[in-house]
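Novice: Here it is, the structure, as structure tokens.
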Amino acid sequence: MDTNNHSHPAVNTDVGFDKSDLSVRGIVIFLAGVGIAGVVSHLVIWGMFVGAQKVVPYDQNPNPMATMVTGTEAPPLTNAGPQSVVSFPEPRLQTDDTADMSKFKEEEDKHLYAAHPYQGADGTIHLNINDAMALVAQRGLPTRQAGQQPTATANTDKQTAPKPAAGAKPAAGSPGVQ
């Protein structure tokens, strides 16, 4: 005899689920409220600008940073060309950038292409850049031979030997080994 009763589905009373769901009506009301709030805020801001224009017209109180000289706009991606220094508001930190850059380049060239070697305030000797490059080409750059240790030129009694790796025994004749 069949003991399974198929007319009633198995129900587990310990397991449940939420039978409520979001309604389309609630979503539409929310979106309509957001839209109405956006339109109202735009109208309020527009009203503030119109009201501020009527209280103090722009012609009587212009922006102090705005230039009074009107001209043609420069074509896109090109230099704007010479500008009127008078129309730029104070403080003017740099009035002629081309002349300033030329002056800076002349000062640098005085140091790079000096006619005679001279000694700087800190004791360094400054050579003409072409003479210095010729000396380097003639003498070559200083190099060390393979396996040669660099020599200390300053204070030799404070010179320290290289530290051996952890667990390695120091070589005979190295400082600290007797």
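The values are calculated or read from the model by the stated rules, or taken from the named source; none is laboratory data. A quick note: this is a predicted structure, and the numbers were derived from the prediction, not measured. Quick reminder, even Gly has a Cβ in these numbers, built from the backbone with ideal geometry, and neighbours come from all protein chains shown.
Novice: For Gly38, indicate whether it is of a type outside the set (S, T, N, Q), out of contact with any Lys or Arg (no Cβ under 7 Å at 6 or more places or on another chain) and at pLDDT 65 or above. Break it down into steps so the answer makes sense when it comes.
Specialist: Values: of a type outside the set (S, T, N, Q): yes; out of contact with any Lys or Arg (no Cβ under 7 Å at 6 or more places or on another chain): yes; at pLDDT 65 or above: yes.
For Gly38, the condition - of a type outside the set (S, T, N, Q), out of contact with any Lys or Arg (no Cβ under 7 Å at 6 or more places or on another chain) and at pLDDT 65 or above - is met.
Novice: Considering only segment 92-120, state which residues are among the acidic types (Asp, Glu) and more than 28 Å from Ala134 (Cα to Cα). Working first, answer last.
Specialist: Initially, segment 92-120 is screened for residues among the acidic types (Asp, Glu), giving 96-97, 100, 106-109.
Correct list: Asp96, Asp97, Asp100.
Novice: Those residues that are surrounded by 10 or more Cβ atoms within 10 Å (Cβ to Cβ) and in a loop (DSSP other than H, G, I, E, B), I need them from segment 93-126; list them, please.
Specialist: Asp96, Tyr113, Ala114, Pro117
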